[in-house]
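Worksheet for the structure shown next.
Where a number appears in this text, it was derived from the coordinates with a stated rule and is not lab data. For clarity, every value in this text was computed on a predicted model and none was experimentally measured. Using ideal geometry, Cβ is built from the backbone for each residue, glycine included, and neighbour counts are taken over all protein chains shown.
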Amino acid sequence: MIIQTPSKKILNKIITYTFLVGVAAILILPFLWIISTSLKGNESIFAIPPQWIPDKIHWDNYTNVFEKMPFFTYLRNSIFVSGMTIIGTLLSSSLVAYAFACLKWPGRNGVFIFVLATMMLPMQVTMIPLFVLFKNFGWLNTFKPLIVPAFFGGGAFNIFLLRHFFLTIPGELFDAARIDGCSEWRIYWNIVLPLAKPALATVAILTFMMTWNDFFGPLIYLSDKLKGTLALGLAMFVGQHQTEWGMLMAASVMMMIPMIVLFFLFQKYFIKGFMMSGIKG
């Protein structure tokens, strides 16, 4: 047994914290560069050596964003699509996960493996069949192709995460509820979901990040400019011959703010959800 002296413990802490601070600095560096670029003019964006703090701060990059694109319309569309997708994902993925974790039926494990196998299908494989399907439904240029699929399963990864969380709930709790006459729906709604708040928060944050940043979905299914989302609106600053980098970075900063705020508000549930679901990085 190795006994560490107080000086060695202090040294180990210093090394550990120094390493963590260094890694954090590397990870936050791109975000700081985006903020720096959003405050620069075109003449100083590509200056060598690079300028972290520009000589002249161009706040007009942020105001010009509202003139270049209908920012608040895109913000409203993004909030609507993300909110409905989160609701659909939480409801459907939790129901499917409950069936896999808490109900016993023939072929359960085989079907679950099949569901996980769908994660290996790249988006490019399903893109054209889904487009043809939604076209036949008459859903093109509407939000339905972006929202409705979330109500049918919620995604294999979300099912996987919630199933592992539900498996941590003692089975005796379900047996006692069934003896008392509770239906499966009541067990799911009144017992499982309240206990699964950390996992549900994790799924909600991951779904929000994916939907908020989704570019190909709105690009493929939406043709009306006023129905676009913020991710699609960023493309307005990229021209065929010139890219307005200052305004593009300013719009990117404003687009990232909701994700950052959401993560800091629910980071406790986010981390707890991963830890209690058996998924550790």
Original post:
By what distance, in whole Å, do the Cα atoms of the chain stretch along each of the three principal axes, largest value first?
Top reply: 73, 72, 31
Subject >> Two-decimal Rg to Rh for segment 134-281 - Kirkwood Rh, Cα set >> reply: 1.10
**OP:** Over segment 19-87, calculate the relative contact order: mean separation of alpha carbon pairs under 8 Å at least 6 apart, over the residue count, as a percent.
**Re:** 23 percent
Original post:
Listed here are the pairs 13/268; 135/225; 197/225; which of them are more than 28 Å apart at the Cα?
Top reply: 197/225
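Subtracting the Cα-Cα distance from 0.36 nm times the residue separation, let me have the gained length for residue 79 to residue 139 in nm, one decimal.
19.6 nm
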Subject >> Simple spin-label estimate for residue 169 and residue 57 in nanometres, 7 Å along Cα-Cβ >> reply: 5.0 nm
Subject >> For segment 45-94 and segment 174-229, distance of Cα centres in Å >> reply: 24 Å
Original post:
How high is the relative contact order of the chain, given as a whole-number percent (alpha carbon pairs under 8 Å, six or more residues apart)?
Top reply: 31 percent
Subject >> Residue-span extension gain [residue 10 to residue 197] - 0.36 nm each, minus C-alpha spacing >> reply: 63.6 nm
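How large is the convex hull of the Cα atoms of segment 63-128 per residue, expressed in Å³ as a whole number?
Normalising the Cα hull of segment 63-128 by residue number yields 139 Å³.
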Original post:
What are the trypsin sites (Lys or Arg not before Pro) within segment 25-70 that DSSP puts in a loop, where the Cβ has at most 16 other Cβ atoms within 10 Å?
Top reply: 56
Original post:
How much net charge surrounds residue 218 when only the other residues with a Cβ under 14 Å from the Cβ of residue 218 are counted, with Lys and Arg +1 and Asp and Glu -1?
Top reply: +2
**OP:** With label points built 7 Å along Cα→Cβ from the Cα atoms of residue 18 and residue 213, find their separation and express it in nm.
**Re:** 3.2 nm
Original post:
Dividing the Cα convex hull volume of segment 1-158 by residue count, how many Å³ per residue is that?
Top reply: 289 Å³
